[in-house]
Amino acid sequence: MSAPRPRPHILGLALLVAAGSAVGTLMRAGIGSALPAGAGQWPWATLGVNLLGSLLLGALLEALSRAGEDTGWRRRVRLGVGTGVLGGFTTYSTYVVEIDRLADAGHLPVAAAYAVVSVAAGVAAAGLGVAAVAAVARRAGRGRR
């Protein structure tokens, strides 16, 4: 029987996620402050942040899955960059607040369209990230491990 593998210290991983989240949140807040949406306007900054974050998360997770098991450095990258940075960068809470503001201001068609487009485009962006990494891996002759 082989010796059990040591488990990473949970506090260290939590701190990694927290540090990454702080970075991602600051990036998102900067973009949101630089590109605020006016009353009744489409929230382009939040949509752009969420789509970019979805694309990058899809690409990151596909690349990490192709690199091997979710252990060691791969787990730390997934948690620090994926859950932390990209989790802090993307924002479901702002998305929901913006839908509510649009609806409360009487812009129901814009609110509904924003709600649907954000989710559908986010899923598509994540899929595009996965597909892009898979295509690059195929061209490089590396299949899934």
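Bear in mind these aren't lab numbers, they're just calculated from the coordinates by the rules spelled out. These numbers come from a predicted model, not from an experiment. Cβ coordinates were reconstructed from backbone atoms using ideal geometry, including for glycine residues, and neighbour counts include every protein chain displayed.
Note on the chain: with a GNM built from Cα contacts shorter than 10 Å, the maximum mean-square fluctuation among T94, T46, T83 falls on T94. The distance from the alpha carbon centre of the stretch 67-91 to that of the stretch 93-141 is 20 Å, rounded to a whole number. Other residues with beta-carbon under 12 Å from the beta-carbon of V81 carry, at +1 per Lys or Arg and -1 per Asp or Glu, a net charge of +4.
Would you kindly calculate the translational diffusion coefficient of the chain, applying Stokes-Einstein with the Kirkwood radius from alpha carbon pairs, for 37 °C and a viscosity of 0.692 mPa s, and quote it in µm² s⁻¹ without decimals? Estimated diffusion coefficient is 194 µm²/s.
Extension gain for A121-R66 works out to 17.4 nm (0.36 nm per residue, less the C-alpha to C-alpha distance).
The GNM of the chain, with springs linking C-alpha atoms under 10 angstrom apart, assigns the highest mean-square fluctuation among G58, G87, G40 to G40.
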